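Trainee: Would you mind keeping the following structure in view while I ask a few things?
The values are calculated or read from the model by the stated rules, or taken from the named source; none is laboratory data. Model, not experiment: these values are computed from the prediction. Quick reminder, even Gly has a Cβ in these numbers, built from the backbone with ideal geometry, and neighbours come from all protein chains shown. Just the protein is used for accessible areas: all its heavy atoms, side chains included, with ligands, DNA and RNA removed. Shrake-Rupley method; radii C 1.70, N 1.55, O 1.52, S 1.80 Å.
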Amino acid sequence: MSAGRYERGRRMLAAVDGPAGLAVVEALAQSFPDFARYLLEFPFGDIYAREGLGLRERELATVAALCALGHALPQLKVHVHAALHVGCQPQEIVEVVMQMAAYAGFPAALNGLSVVREVFAESGIALPLA
């Protein structure tokens, strides 16, 4: 396993999620060190580090995908926080989740909006948005 991929992954995770993301991986590593390494090396060290999309666009795509999956609400919460952290506007996040009603169904969008409401409350973002 490449130390370069691991370190690049740590840097990218810190850029996306800040200290909270690194804390999640460190906690995961206490029980499942191999999986924690894979999490840093592949999605963050390989995919997030690619050129072609900025972190804002990657997070909007990730929010959409996790919302559409419908069974990854804890991860959706992390990535809504991350989207805010990398500069996505609250209105952009809401629109991406609402868009999922057309492609993943109303239940997925409703669940996603519930997560958005929770994250916005934690972040001091008042709803409804202006």
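Trainee: Is it fair to say residue 3 is touching a His at 6+ places or on another chain (Cβ under 8 Å) and open to solvent by 50 Å² or more (accessible area, probe 1.4 Å)?
Mentor: no
Trainee: From the set of residues in region 30-57 that are under 18 Å from residue 74 (Cβ atoms) and among the aliphatic types (A, V, I, L, M), which is nearest to the chain's Cα centre (by Cα)?
Mentor: 39
Trainee: Kindly list the number of the only condition in (1) open to solvent by 60 Å² or more (accessible area, probe 1.4 Å); (2) hydrophobic (A, V, I, L, M, F, W, C); (3) free of Cβ contacts under 8 Å to residues at least 12 places away in the same chain; (4) over 22 Å from residue 4 (Cβ atoms) that fails for residue 20.
Mentor: (3)
Trainee: Further question: State all residues of region 84-98 that are touching a residue at least 24 places away in the same chain (Cβ under 8 Å), loosely packed, with under 15 Cβ neighbours inside 10 Å and either touching a Cys at 6+ places or on another chain (Cβ under 9 Å) or not in a helix (DSSP H, G or I) (or both); if no residue qualifies, say none.
Mentor: 87
Trainee: So is residue 86 in contact with a Leu (Cβ under 6 Å, 6 or more places away or on another chain), farther than 24 Å from residue 11 by Cβ and aliphatic (A, V, I, L, M) or not?
Mentor: no
Trainee: Would you mind stating whether residue 48 is of a type in the set (Ser, Thr, Tyr), more than 27 Å from residue 10 (Cβ to Cβ) and modelled with pLDDT of 95 or more?
Mentor: No: the conditions fail for residue 48.
Trainee: Something else now. Looking only at region 54-62, decide whether some residue is under 17 Å from residue 15 (Cα atoms) and of a type in the set (Gly, Ala, Ser).
Mentor: Within region 54-62, one or more residues are under 17 Å from residue 15 (Cα atoms) and of a type in the set (Gly, Ala, Ser).
Trainee: Residues that are more than 30 Å from residue 3 (Cα to Cα), in contact (Cβ under 8 Å) with a residue 24 or more places away in the chain, touching a Lys or Arg at 6+ places or on another chain (Cβ under 8 Å) and among the acidic types (Asp, Glu): does region 30-51 have at least one?
Mentor: no
Trainee: If you don't mind, there's one more thing I want to ask. Here are some residues: 108, 49. Which one is surrounded by 19 or more Cβ atoms within 10 Å (Cβ to Cβ) and either touching a Gly at 6+ places or on another chain (Cβ under 8 Å) or not small (Gly, Ala, Ser) (or both)?
Mentor: So the residue among 108, 49 that is surrounded by 19 or more Cβ atoms within 10 Å (Cβ to Cβ) and either touching a Gly at 6+ places or on another chain (Cβ under 8 Å) or not small (Gly, Ala, Ser) (or both) is 108.
Trainee: Hey, another quick one. Report every pair of residues separated by at least 6 positions or lying on different chains whose Cβ atoms are under 6 Å apart, first residue within region 2-17 and more than 19 Å from residue 75 (Cα to Cα) and of a type in the set (Ser, Thr, Tyr), second open to solvent by less than 40 Å² (accessible area, probe 1.4 Å) and assigned to a helix (DSSP H, G or I).
Mentor: The qualifying pairs are 6/40; 6/41.
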